[in-house]
Amino acid sequence: MLKHRLIPNIILNNGNVVQSVQFKHTNVIGNAVTAVDFFNSWAVDEIIVLDVSRTKDQRQNFHKIISGLSKRCFVPLTVGGWISTVDEINQFLKEGADKVAINTQAVANPNFIKEASNIFGSQCIVVSIDVKKNNSKKYKVFVNRGTEETQLDPVDWAKQAEKLGAGEILLTSIDYEGMRNGYDLELIKNVTQNVSIPVIAFGGVGNWQHFVDAINIGKADAVSAANIFHYTEHSTYNAKEFLSNAGINVRMPVFYKLPTPRRPKYDEIY
């Protein structure tokens with residue numbers, strides 16, 4: 001039986017780790033190096049890093065950050081945000097990423113999923129699906145960092161993404177993200193019941209029970225969160241322990257430690 005995964009999500013806005021609430025990114029939390037070292041210390045299963053910057057002005061800096069983080073990351077690293085070409089996927093993989101998450105470009109050109117999976121393998125391609133209820137209270141897929149509504153139903157889009165070669169789905173509820181009231185379990189269950197590839201649930205965690213609910217009720221294969229890990233001491237260790245005590249099949253953490261500079265600067269480390 002496959003183990004369920006716990007995946008911290010590091011959200012970067014112009015190179016800074018930020019808190020996210022319904023896709024609004026205001027509070028700067030700190031440095032990505034510190035975050036990765038912290039998560040490594042408790043051996044999380046994977047790490048996701050998303051570039052949510054509103055422009056691509058500092059894109060090269062993001063590549064530099066990924067290249068540096070990958071040298072310090074003991075677990076699989078997924079990178080997403082603004083990815084629109086096969087060449088950039090290749091660049092991220094050369095910089096040390098294990099997977100890429102594609103979103104807006106996949107909706108604009110669904111064959112991009114097929115092209116990317118044919119070249120790099122489906123295990124490398126994560127399709128990120130951002131979902132929000134519209135004025136008619138219907139679930140719709142949103143793109144361009146949650147600013148643009150499409151006519152796509154998230155279940156239909158997830159099924160299409162799987163057929164085109166996606167290896168995983170990163171499913172985010174914009175309405176629930178950052179609200180700390182738990183995942184949108186209805187949304188998660190709707191998607192997991194209709195695809196055979198793993199679904200990573202993201203958006204809304206306020207306590208450890210929400211992880212359990214996403215797995216037991218939503219049938220998610222993996223659970224991800226961002227904000228809660230920044231503010232809770234030994235958070236990933238405690239989350240794993242809670243999941244295990246709740247009967248969830250997880251890999252228990254092992255302590256590792258990397259030397260972390262007091263004031264890390266990317267150009268000095270890398």
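Just a few scattered comments:
- Principal semi-axes in Å for the range 149-224 [√(5λ), Cα gyration tensor, largest first]: 21, 14, 9
- The range 1-146 - Debye-derived log10 I(q)/I(0), Cα point model, q = 0.17 Å⁻¹: -1.02
- Label zone at Lys56 (point 7 Å along Cα-to-Cβ), backbone N below 17 Å, the range 83-105: 83-93, 101-105
- Counting other Cβ atoms within 10 Å as a rough exposure proxy, the listed residues Tyr183, Tyr176 run Tyr176, Tyr183 from fewest neighbours to most.
- Pair Ile217, Asn111: separation of 7 Å Cα→Cβ label points (nm): 4.3 nm
- Percent of alpha-carbon pairs separated by more than 18 Å within the range 198-241: 20 percent
- Where only alpha carbons of the range 88-192 are counted, the Rg and the Dmax (Å): 14.0, 44
- Cα-based shape type of the range 20-68, given that a ≥ b ≥ c are square roots of the gyration tensor eigenvalues and the cut on a/c is 1.5: oblate
- Residues Lys159, Lys3, sorted so that the one with the fewest Cβ neighbours within 10 Å comes first: Lys3, Lys159
- Kirkwood-based Rg to Rh ratio, the chain, C-alpha trace: 0.93
Each value in this text was obtained by applying a stated rule to the coordinates, not by laboratory testing. As the structure is a computational prediction, the values presented were derived from the model and not from experiment. All Cβ positions, even for glycine, are placed from backbone atoms using ideal geometry, and neighbour counts span all protein chains on display.
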